[in-house]
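Okay, structure first, notes after.
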Amino acid sequence: MISIVYNVRVYRNLLKKRIKEGDVVIEIGPHKGKGTMEYAEKVKLGILVDKSSQSEEGLKNLLKNFPNLKYVKGDVRSFETIKKVLLLTKKCDVLALDIGGGRYPDTVFKVWAVWSGIFKPKHSIIRNRGLGEFVQRVKIEDDKLKKNFRNSGWLAKWGRAMPYVLKKQLEEFKFWVKI
Ligand SMILES: C[S@@+](CC[C@H](N)C(=O)[O-])C[C@H]1O[C@@H](n2cnc3c(N)ncnc32)[C@H](O)[C@@H]1O
């Protein structure tokens with residue numbers, strides 16, 4: 001399942017509801033961990049990926065109290081960051097993504113598509129207003145596109161597990177705006 005929300009409280013509540021006992025979670029953009037707190041106790045492994053020093057500082061207590069949580073500091077658009085996470089897990093039950101709900105749906109989509117293609121989560125939870133508008137306004141007009149897609153948290157038509165193919169894809173980010 002792929003869930004899209006905008007309101008940050010709805011996002012945090014969904015983390016609480018969707019994440020189950022023993023799950024492996026990758027949370028992109030945890031900031032100071034207000035969403036992380038909702039599930040920290042019950043997961044087998046929670047990998048928190050954020051690029052900001054504010055986040056690194058703000059997560060210190062949570063990381064001390066929950067050894068099942070691991071922090072990876074890095075930009076999620078970079079291959080190096082993905083490699084660090086791959087060393088911690090190849091499996092993911094829930095991929096949660098909040099790198100700013102009001103901004104850049106194109107970047108959010110690409111980050112989600114790349115990460116979900118590699119880690120193949122069962123569920124994705126994405127916080128982004130523009131993507132929410134996009135999916136509501138879409139009408140599929142090509143019958144060949146209408147398929148019974150498996151209700152999982154990643155795109156079967158995108159998934160790329162090969163790191164070198166991925167590296168090429170990520171190089172495209174260089175042309176993108178700084179967020
Ligand atoms: C809106 S905050 C997340 C709020 C959080 N979900 C909560 O419930 O409190 C967005 C976070 O995404 C991080 N972020 C934005 N762009 C990023 C990127 N390219 N790579 C890694 N982290 C990023 C920011 O540093 C920030 O901590």
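Criterion applied to K83, K16 was being at pLDDT below 95 and either within 19 Å of P121 (Cβ to Cβ) or surrounded by fewer than 19 Cβ atoms within 10 Å (Cβ to Cβ) (or both), and the one residue passing it is K83.
The C-beta contact set for the range 130-153 (first residue polar (S, T, N, Q), second residue in a loop (DSSP other than H, G, I, E, B) and modelled with pLDDT of 90 or more, distance under 7 angstrom, 6+ apart or interchain) comprises N151/M1; S152/K122. Of all residues in the range 117-131, which are surrounded by fewer than 24 Cβ atoms within 10 Å (Cβ to Cβ) and touching a Gly at 6+ places or on another chain (Cβ under 9 Å)? Scanning the range 117-131 gives G117, I118, K120, K122, H123, R129, G130. Evaluate the following for V25: is it of a type in the set (V, I, T) and in contact with a helix residue (DSSP H, G or I) (Cβ under 6 Å, 6 or more places away or on another chain)? Considered against the rule, which asks whether it is of a type in the set (V, I, T) and in contact with a helix residue (DSSP H, G or I) (Cβ under 6 Å, 6 or more places away or on another chain), V25 comes out as no. Pairs are defined by a Cβ separation below 6 Å, a sequence spacing of at least 6 or placement on different chains, a first member in the range 45-58 that is more than 23 Å from K90 (Cβ to Cβ), and a second member that is surrounded by fewer than 22 Cβ atoms within 10 Å (Cβ to Cβ); the pairs so defined are S55/H31; E56/K73; G58/K32. On the given criteria, is S116 among the hydroxyl-bearing types (S, T, Y), in a helix (DSSP H, G or I) and under 18 Å from V8 (Cα atoms)? No: the conditions fail for S116. Filtering the range 1-42 to residues that are touching a residue at least 24 places away in the same chain (Cβ under 8 Å), out of contact with any Lys or Arg (no Cβ under 6 Å at 6 or more places or on another chain), of a type in the set (A, V, I, L, M, F, W, C) and more than 10 Å from the ligand (Cβ to nearest atom) leaves M1, I2, I4, L14, I19, V25, I26, A40.
Count of the range 59-113 residues, restricted to those that are basic (K, R) and part of a strand (DSSP E or B), is 2.
Condition (residue is free of Cβ contacts under 8 Å to residues at least 40 places away in the same chain and farther than 30 Å from E133 by Cα) applied to the range 88-107: is it met by at least one residue? Within the range 88-107, one or more residues are free of Cβ contacts under 8 Å to residues at least 40 places away in the same chain and farther than 30 Å from E133 by Cα.
Could you please find all residues in the range 108-119 being out of contact with any Cys (no Cβ under 7 Å at 6 or more places or on another chain) and touching a residue at least 24 places away in the same chain (Cβ under 8 Å)?
Selection gives K110, V111, A113, V114, W115, S116, G117, I118.
If the condition is being closer than 21 Å to V8 by Cα, within 9 Å of the ligand (Cβ to nearest atom) and touching a Leu at 6+ places or on another chain (Cβ under 7 Å), then the range 63-107 contributes only A96.
The values are calculated or read from the model by the stated rules, or taken from the named source; none is laboratory data. On a predicted model such as this, the values are computed, not experimentally measured, just so you know. Virtual Cβ from ideal backbone geometry, glycine too; neighbours counted across all protein chains shown.
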